[in-house]
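Single-structure report; data block below.
Since every read-out is calculated from the coordinates, none of them should be taken as a lab result. Computed from a predicted model, the values in this text were never measured in an experiment. Cβ sites come from the backbone with ideal geometry, for glycine too, and all protein chains shown count toward neighbours.
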Amino acid sequence: MNVHLTALRADDADRCAELERVLFPGDDPWSADAFRSELASPHNHYVAARDEAGTLVGYAGLARLGTGIDPESEVHTIGVDPAVRRRGVGGMLLGELLSVADRWGGPVFLEVRTDNDAAIGLYRREGFEIVGTRKRYYQPSGADAFTMRRPDRREEPRP
């Protein structure tokens, strides 16, 4: 499957909301307006994965937090159409977010459902470690979330 990454646009918001309803039915999926609001923030970076026909098959977003002296980033969301899962789309999206986070500097944080083994595995491969658990984080399902952190790449020892 040939997938390419582009900037997520406001006119993608309806498709993102459609995917959210499929991906997160037991929780509070983001609305199209929520995506438009995220895209309007100057401190966020959102990316789209598109197939050969230009159809949006995935999306991901990152927020820049902290200060210029003490920066950090937070992955806000990653979603991949179930029809194209296990084909590297999530990894491509995460890789783009981490590239941007590395340019910004600082550690990267995220929350992930404790039962989402595939996502946890992906995050671990990219250097994230579990640093805490948020009980009943996802609503209305009440599912728990792990908080994960990837250290600032500048802090890592060089070979």
- Note on the structure: Sequence order, region 87-97: Karplus ³J(HN,Hα) from phi using 6.51 cos²θ - 1.76 cosθ + 1.60, θ = phi - 60°, Hz rounded, Gly and Pro as x, gives 10, x, 5, x, x, 4, 4, 4, x, 5, 4
- Evaluate the charge dipole of region 4-155 about its Cα centre and quote only its size in Debye, nearest 20, assuming +1 on the Cβ of each Lys and Arg and -1 on the Cβ of each Asp and Glu. 320 debye
- Return the loop-located trypsin sites (Lys or Arg not before Pro) in region 101-159 (DSSP other than H, G, I, E, B) with at most 13 other Cβ atoms within 10 Å of their own Cβ; answer none if there are none. K135, R136
- Message: How large is the translational diffusion coefficient of region 89-144 in µm² per second when you combine the Kirkwood radius over alpha carbon pairs with Stokes-Einstein at 25 °C and 0.890 mPa s?
- Response: 196 µm²/s
- Would you please name the GluC sites (Glu not before Pro) within region 20-119 that are DSSP coil residues with at most 16 other C-beta atoms within 10 Å of their C-beta? E52
- What do the square roots of 5 times the Cα gyration tensor eigenvalues come to for region 45-129, in whole Å, largest first, as semi-axes of the equivalent ellipsoid? 23, 16, 10
- Item | Length released on extending from R153 to A40, taking residue separation times 0.36 nm less the Cα-Cα span | 37.9 nm
- Could you please state, rounded to a whole Å, how far the C-alpha centre of region 83-102 is from the C-alpha centre of region 29-58? 14 Å
- Once the dipole of the chain is set up from charges on Cβ (+1 Lys and Arg, -1 Asp and Glu), the residue from the list G58, F128, T77 lying farthest towards its positive end is F128
- According to the square roots a ≥ b ≥ c of the eigenvalues of the Cα gyration tensor, what is the shape class of the chain, taking rounded for a/c under 1.5, prolate for a/b larger than b/c otherwise, and oblate for the remainder? rounded
- Residue-normalised 222 nm signal for the chain, counting each DSSP H run of n ≥ 4 as -39,500 (n - 2.57), nearest 500 deg cm²/dmol, is -8500 deg cm²/dmol
- Bridge orientation stat for the chain from DSSP, antiparallel percent rounded to 5, came to 95 percent
- Message: As a footprinting exposure proxy, order Y137, Y46 by other Cβ within 10 Å, with the fewest listed first.
- Response: Y137, Y46
